[in-house]
1. I want to confirm something. Restricting to the range 95-132 and keeping residues that are small (Gly, Ala, Ser) and open to solvent by less than 60 Å² (accessible area, probe 1.4 Å), which single residue is modelled with the highest pLDDT?
2. Looking at the range 150-167, can you tell me whether even one residue there is in contact with a Leu (Cβ under 6 Å, 6 or more places away or on another chain), modelled with pLDDT of 70 or more, open to solvent by 40 Å² or more (accessible area, probe 1.4 Å) and acidic (Asp, Glu)?
3. Note down all Cβ pairs under 9 Å where the first residue falls in the range 400-415 and is more than 10 Å from Ala231 (Cα to Cα), the second is of a type in the set (A, V, I, L, M, F, W, C) and outside any helix (DSSP H, G or I), and they're at least six residues apart or on different chains.
4. Please work out if Phe233 is at pLDDT 90 or above, within 18 Å of the chain's Cα centre (by Cα), under 30 Å from Pro289 (Cα atoms) and open to solvent by 10 Å² or more (accessible area, probe 1.4 Å).
5. Scan the range 267-282 and give yes if some residue there is outside any helix (DSSP H, G or I) and closer than 20 Å to Leu383 by Cβ, otherwise no.
6. Quick check on the range 238-254. Is at least one of its residues at pLDDT 90 or above and open to solvent by 20 Å² or more (accessible area, probe 1.4 Å)?
7. Of everything in the range 325-354 that's part of a helix (DSSP H, G or I), open to solvent by 30 Å² or more (accessible area, probe 1.4 Å) and touching a residue at least 24 places away in the same chain (Cβ under 8 Å), which residue is nearest to Gly254 (Cα to Cα)?
8. Tally time: how many residues in the range 210-229 are of a type in the set (S, T, N, Q) and in a helix (DSSP H, G or I)?
Amino acid sequence: SHWGPSKDCARGYVLWGMIRDVWAMSRACGWLLPSIFACGCVLALPCADAKMVMGIANGQDYQLVTTFCFTFPQPAAPGLAVPNGHIHSQTIVSSNGHKFLVLNYTELGKGLSCDEMVKRAKVIEPLSERTKEVIAYDLTLNVEPSMNQQHIAAVIARCGDTVNAEYIVEFTNPGGFWEQHFACSDQGLLQSYLWFSMAASVMAPLLFSAQRVIHRRQAHNDISAIFFTGAAFFVARIWLFTVHLLVYSRNGMGLGMLLFVAQFLDFLSTTMAMLVLMALVHGVYVTRPCVPPGSEERKVLMQVVGVFTATYLLSTLVCGFKVDSLLSPFGVLQGAGSWPYLLSRACTGIFCFNRGVKLAAEDDVQQKKPYILRFSLVAVAWLLFMPVAILFTGEDAWNHTAVAMDVANFVMFGIVLHDFWPSRFGALFSCMKPTARMHPYSEFGLAG
């Protein structure tokens with residue numbers, strides 16, 4: 001793979017053919033994704049139930065079911081009581097000795113034994129009978145307002161023996177549609193992504209209009225094809241994650257497959273955006289037709305791109321298969337699984353900035369210096385923002401962190417779209433290499 005076009009530009013035009021087919025399919029299908037988004041909104045309009053988790057606990061003497069942070073509204077007037085929250089547990093056990101525990105989440109990180117964990121639990125509900133029959137338990141626990149903003153954990157324990165139980169657990173906040181099922185770190189995500197979906201709905205026709213005009217002018221190149229494809233994936237990811245949140249507000253679980261698809265689309269759109277910025281700060285099609293094949297510069301560039309792509313793919317897969325994690329539209333976790341990617345992303349941003357500044361200092365690129373410097377600043381700001389935001393914020397502030405990171409995505413795509421707009425496209429990409437398609441008779445000296 002390489003940045004500039006090959007002798008016959010085959011790869012570039014195959015890629016452009018793919019994006020053209022994607023857009024044609026979108027038109028033929030009557031904008032399928034917006035239709036899915038609208039249907040999801042309609043189906044999710046009924047009121048929220050609760051956060052719900054279900055599964056099978058076995059293999060150890062205790063197992064974490066899930067965690068939750070309750071939020072309670074302020075009293076409507078002095079002296080009025082605040083409604084309680086609720087934990088509704090349905091458990092099936094086939095042996096004695098099981099207990100359903102509710103304790104502070106911080107206790108889990110202390111490496112306590114099962115017996116010590118039982119002693120420190122706020123709530124202990126025995127799940128045992130004298131008979132050997134399979135027993136089903138249905139428990140509803142009230143959570144008082146004194147637990148406001150406290151991170152709690154639900155655990156099934158069987159000290160001295162292995163746990164063997166099936167469970168469905170629901171957590172319900174007092175409040176309405178926007179608060180009832182969302183934990184502290186998730187409050188406000190639904191409202192924010194409804195606004196983001198409206199912004200994406202405005203952005204989509206602008207992208208379609210711009211790429212159609214550029215296509216009619218037969219001016220597309222590898223970089224523009226990658227950009228418009230990545231931007232389309234970004235818009236689709238916003239819509240799909242919003243549908244997931246809307247369904248989550250209805251059933252407390254969302255659509256796991258839809259969330260995984262949204263996170264994978266984020267991997268694709270982010271990687272494509274990085275490739276575009278990487279090419280621009282290297283001056284591909286802007287100051288030169290390609291990065292010289294076989295050069296040391298090209299080898300370093302491919303290594304940086306390879307590490308970025310591999311670490312983000314690994315992070316996305318780890319995030320996608322993690323159960324009961326934060327509500328995240330990104331393939332990123334606040335944990336060890338994502339640190340290689342966050343480190344490589346930060347290094348990639350610094351690499352892009354240094355390369356752009358170095359290129360802008362050359363004498364023969366002064367006419368394009370403003371473009372190079374602008375893309376260098378966009379690259380370093382956009383790529384560094386996520387690692388810095390995750391490093392200096394905790395899980396409790398995830399709702400603000402996720403929103404800020406997608407605001408940064410919108411800004412980045414908006415700035416690049418501004419420079420890729422048809423009226424400015426030719427001024428930016430003025431260093432194209434003659435190819436067999438663009439100048440079929442160039443070998444005879446007849447290229448225009």
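The values are calculated or read from the model by the stated rules, or taken from the named source; none is laboratory data. Owing to the predicted nature of the structure, the values given are computational and were not obtained by experimental measurement. Neighbour counts are summed over all protein chains in view; Cβ atoms, including those assigned to glycine, are modelled from backbone coordinates with ideal geometry. To get the accessible areas, we keep the full protein, side chains included, count just its heavy atoms, and leave off ligands, DNA and RNA. Shrake-Rupley method; radii C 1.70, N 1.55, O 1.52, S 1.80 Å.
1. The initial filter retains those residues of the range 95-132 that are small (Gly, Ala, Ser), namely 95, 97, 109, 111, 113, 121, 128.
Keeping just the survivors that are open to solvent by less than 60 Å² (accessible area, probe 1.4 Å) gives 95, 97, 121, 128.
Details: Ser95: 74, Gly97: 78, Ala121: 83, Ser128: 66.
Only one residue tops the list, namely Ala121.
2. Taking the range 150-167 and keeping what is in contact with a Leu (Cβ under 6 Å, 6 or more places away or on another chain), we get 153, 155, 157.
This time we only want the ones that are modelled with pLDDT of 70 or more, so: 153, 155, 157.
With the extra rule that they be open to solvent by 40 Å² or more (accessible area, probe 1.4 Å), the set shrinks to none.
The answer is no, given that none of the residues of the range 150-167 is in contact with a Leu (Cβ under 6 Å, 6 or more places away or on another chain), modelled with pLDDT of 70 or more, open to solvent by 40 Å² or more (accessible area, probe 1.4 Å) and acidic (Asp, Glu).
3. Once the first residue is more than 10 Å from Ala231 (Cα to Cα) and sits in the range 400-415, its partners that are of a type in the set (A, V, I, L, M, F, W, C) and outside any helix (DSSP H, G or I) give Ala402/Leu326; Ala402/Leu327; Ala402/Phe330; Met405/Phe330; Met405/Val332; Asp406/Phe330.
4. On the way: at pLDDT 90 or above: yes; within 18 Å of the chain's Cα centre (by Cα): yes; under 30 Å from Pro289 (Cα atoms): yes; open to solvent by 10 Å² or more (accessible area, probe 1.4 Å): yes.
So Phe233 fits the description; yes.
5. Just the residues of the range 267-282 that are outside any helix (DSSP H, G or I), to begin with: 282.
Of the ones still in play, those that are also closer than 20 Å to Leu383 by Cβ are 282.
Yes, the range 267-282 has at least one match.
6. no
7. Out of the qualifying residues, it is Pro340.
8. To start, the set of residues in the range 210-229 that are of a type in the set (S, T, N, Q) comprises 211, 218, 221, 224, 229.
Pick out the ones that are also in a helix (DSSP H, G or I) and you get 211, 224, 229.
Adding up the residues that qualify gives 3.
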